[in-house]
Amino acid sequence: MNGFALLFLIAGLGLIGWLTARARANRFDRGGAKRLHSLPGQHGMYVAMWTILPALLFVVVWSAAQPGLVKEAVLEHPAAAQLPQFEFERDALLAEAKRVASEDNATAFDPVAEQLAAPTRSAQAYYGWMGTGVAILLAFAGAAFALTRVGAHFKARSQVERGMMVLLLVASLIAILTTLGIFLSLLWESLRFFQQVPITDFLLGTHWSPQVIDANDPGKSLGAVPLFWGTFFIGAVIAMIVAIPFGLMSAIYLTQYAAPTVRKWMKPTLEMLAGVPTVVYGYFAALTVAPAVRDLAVSFGYTYASSESALAAGLVMGVMIIPFVSSMADDSIAAVPTAMRDGSLAMGATTSETISRVLIPAALPGVVAGILLAVSRAIGETMIVVMAASGAANITLNPFESATTVTKQIVDLLTGESEFDSPKTLAAFALGLTLFVITLLLNIVALRVVKRYREAYE
Amino acid sequence: MSKSLVPQLPTGPKEPDAKGSWRAPTDWTTHAMQKRIRRRYGAERRFRFFGLAAVSLSAAFLAFLLITMVANGWRGFTRTDVALPIDFPASGMLIERAQLRTPAADLALAGAGLENAVKGAAATAFGPGGEEFISENAWLRIRDAIKADPSILDRKMRIDVPASTEIDQAVRGDGNAEAKATVAKLQQAGALSRHFNLDFLYESDSTDPVAVGIWGALKGSLLTMAVTFLIAFPVGVLSAIYLEEYAPKNRWTDLIEVSINNLAAVPSIIFGLLGLAVFLGSWNLFGYQFGPLLPRSAALVGGLTLALMIMPVIVIASRNAVKAVPPSIRDAALGIGASPIQVVFHHVLPLAMPGILTGTIIGMARALGETAPLLLIGMRAFIVTPPGGFTDPATVLPVQIFLWSDEVSRGFVEKTSAAIIVLLVFLLAMNGLAIYLRNKFETRW
């Protein structure tokens, strides 16, 4: 049965359970008591909960397990003996059989897949109906159990509220599960990578060319130092040279000088810079900025100027980061007590002297934290570098030369066609782990700085 | 500085101090002092100017970006048509008229050699090589015209068909000299016309830039966003309620808080790696091999991945909205006998809803513009038919933009910009809605 139909069916059963229990609760024998402990609707909720939740839980587990069970069943079919031993090819044929089985008038290219289509279809139908049957049975069993329990003295409200609390707790645990999922999946794949490539080769090697990997010594061409340098150079140097002065001066102007109407309009305008999708920035960088930068390089006398220079990507990334720096600086300048500003002005300092000698030093921790967050944002930025930076890994100080970043390499490594276990694919996860750890550290440090600084003035 | 603003000060100490530590009041009228003041005020003006320049340049950059996109993209919404004279009776096609009313009409017309007949008509009309003037998909337009009115098969007529990319570019003044000469010739014959290309909103991806459209990607985006919303909104709001209203302060809830704050700062591409490993990778549990949990390239996987990405955004916004509801509301509800669950779901949540929705829309806008994680989970396929469901291979608007930007053909430049305009319009609408909701329902307690 179709998954959505089953979900609707279960929801419908829950609704029927709710209506039944509510109707019954309205006719309870109150036994002299003036009021029931729970409202009829709460009895209804209790029954609906018992009808829906076990069945739903089963559907989730079953839908994860079913493809595996179908595969086992198909592999036991006599025709499956003809399948190639190599797992990758075998899975491809099984997937083809599955496609033929699920689509009308589809044909397979491979005769084995064609033969396996019928057993696949029957196995799918068998396990599909089995799952549907058990799910509906569970729904009825839950409803029956709950209906026997509701009564005049049954405390349905407490039960329903306990259920709600569990639901709330589970929802908030998903955040932990996601973090854990990220960390474990990255760690797991990275460990598999480090079994093939020594970790020292990866972290300290200065040669990166994943296109040609020597099977005997894959570590020789998977040294990530050029990537780390490129990421740092584009994200933390070039982008920040743009973003810090612009962001900081914008924040200062908007908080200290601008008329309220100007501030009211300019602040959202600057924030729009952060709302533009990064793919648009990437396209802009590749289409407009990169050729301009190349022409500039040519006019400086570089004959072989790259049209995928580090400067083009870094500049555009810097513009994207301006609002982050600006809003963090804005917040921390606003948090400086007015008395300090007024005191400085009263002593005869001009506004600019007050800003640069009183406000900025006082707001410095917040500003620095904002810059750290902006750096973490910049080095994790993907689309701009994918579209405007080059894939060539160079260690260079020349902004007109090409440099590549960790994120660009992750995309390049994973979008090519290669099997899941090759060092090339797994390297992407190792790069991801490095990126994750670095951005996490930057974030933790920044948040700690902000927290300590807030406490200082509150 | 005008002189009158500077007060006349005593020019020297009346009675010198015994210790000599007493300093004479500064004489602001001296040349040196006036110079110093001028310098300080100059620095002030310069500083202020730098601030203004920073703000204006940032805004100018935004304006430049938008103007470039609109200027390029506007042309993507137009199309050049060539009026193609076609003589159906002379083309020698054998078409069963009865079939044209059935769903098999497409197949019948393709089988009858309509494509070649159209190319032949172009060659007859515009001389040898004339089939190069019209788009490869021109015959589809003629097919639709025949389906709409089969009686045209009995006569000779002129039908507007899309021009090829070279002609289209040459009309805009971008093509090579040869194409430009052709255009001049065609224009003299009155065969060219320019139209607003509404098809761009209804068609899907194609290899031919004049035939591409945005609908396939847009539908993929809508399906993906639906999944994202259905997962991220309930989970985000419920977890915000738990953390803000019920959670005891202990190590576990601290861990949840730290996780959420850190997840908000994790680069989006990491979520792509997570989706790839968890939803699409194979699992080895208890020696039992699980296949990929979900189909590759599907809106379902993309939606789940993006849901995990924007959940922290929704949680943080919802917590702030719930926190802003004053305690007196809770106390009043508790006072008349509501249970803690009723307090929250009957009173606090409805009051916090505008804030929660604003945060959710902003999160959804971020998900709509996100590209990198979707590239990793394979939503970069060449999708010619719009996805029919959550498990069909799909692509989304930003990824479509990325794919078109990689195309070499010149015609794709303006199509890419046109797609960017569509994306920006959606984002602007969502952000506008968020601002409207905030202004309309915001309550200051």
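The values are calculated or read from the model by the stated rules, or taken from the named source; none is laboratory data. Note that the structure is a prediction, hence the values are computed from the model and not measured. Virtual Cβ from ideal backbone geometry, glycine too; neighbours counted across all protein chains shown.
Quick rundown of the values:
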| read-out | value |
| --- | --- |
| In the stretch B:113-152, residue surrounded by the fewest Cβ atoms within 10 Å (Cβ to Cβ) [restricted to those that are farther than 16 Å from B:LEU84 by Cβ and touching a helix residue (DSSP H, G or I) at 6+ places or on another chain (Cβ under 9 Å)] | B:LYS147 |
| Residue within the stretch B:431-442 that is assigned to a helix (DSSP H, G or I), more than 28 Å from B:ARG172 (Cα to Cα), more than 9 Å from chain A (Cβ to nearest Cβ) and among the basic types (Lys, Arg) present | yes |
| Residue check for B:GLU136: charged (D, E, K, R), under 19 Å from B:ASP208 (Cβ atoms), part of a loop (DSSP other than H, G, I, E, B) and assigned by TED's automatic domain parsing to the domain that holds B:VAL82 | yes |
| Residue in the stretch B:261-273 that is part of a helix (DSSP H, G or I), in contact with a helix residue (DSSP H, G or I) (Cβ under 9 Å, 6 or more places away or on another chain), modelled with pLDDT of 90 or more and away from every other protein chain (no Cβ under 12 Å) present | no |
| Any chance A:GLY282 is closer than 25 Å to A:VAL367 by Cα, of a type outside the set (Ser, Thr, Tyr) and either facing chain B (nearest Cβ under 8 Å) or buried (at least 20 other Cβ atoms within 10 Å of the Cβ) (or both) | no |
| Residues being modelled with pLDDT under 90 and over 16 Å from A:THR404 (Cβ atoms) - total across the stretch A:297-321 | 9 |
| Answer from B:THR395, B:THR305 - the residue that is buried (at least 24 other Cβ atoms within 10 Å of the Cβ), touching a Lys or Arg at 6+ places or on another chain (Cβ under 9 Å) and assigned by TED's automatic domain parsing to the domain that holds B:GLU257 | B:THR395 |
| Search result, residues across the stretch A:379-396 that are within 11 Å of chain B (Cβ to nearest Cβ) and not in a helix (DSSP H, G or I) | A:GLU381, A:THR382 |
| B:VAL235 being facing another protein chain (nearest Cβ under 7 Å) and of a type in the set (Val, Ile, Thr) | yes |
| Qualifying positions in the stretch A:397-407 - out of contact with any Gly (no Cβ under 7 Å at 6 or more places or on another chain) and within 14 Å of another protein chain (Cβ to nearest Cβ) | A:VAL406 |
| Pick from the stretch A:391-423, criterion hydroxyl-bearing (Ser, Thr, Tyr) and surrounded by 21 or more Cβ atoms within 10 Å (Cβ to Cβ), ranking: modelled with the lowest pLDDT | A:SER402 |
| Residues being away from chain A (no Cβ under 11 Å), surrounded by 17 or more Cβ atoms within 10 Å (Cβ to Cβ) and over 19 Å from the mean Cα position of the chain (by Cα) - total across the stretch B:50-79 | 1 |
| Qualifying residue in the stretch B:151-164 (condition: in the same structural domain as B:GLN187 (by TED's automatic domain parsing), within 17 Å of B:VAL210 (Cβ to Cβ) and in a helix (DSSP H, G or I)) | no |
| Sole residue being touching a residue at least 40 places away in the same chain (Cβ under 8 Å), within 10 Å of another protein chain (Cβ to nearest Cβ) and not hydroxyl-bearing (Ser, Thr, Tyr), chosen from A:ILE333, A:ILE371, A:ILE355 | A:ILE355 |
| Selection count, the stretch A:196-223, where residues are out of contact with any helix residue (DSSP H, G or I) (no Cβ under 9 Å at 6 or more places or on another chain), part of a helix (DSSP H, G or I) and not small (Gly, Ala, Ser) | 0 |
| Checking B:GLU407 against (1) closer than 17 Å to B:GLY73 by Cβ; (2) within 16 Å of the chain's Cα centre (by Cα); (3) of a type outside the set (Phe, Trp, Tyr), the condition it does not meet | (2) |
| Residue satisfying condition, being away from chain B (no Cβ under 12 Å), in contact (Cβ under 8 Å) with a residue 12 or more places away in the chain and of a type outside the set (Gly, Ala, Ser), within set A:LEU204, A:LEU270, A:LEU254 | A:LEU204 |
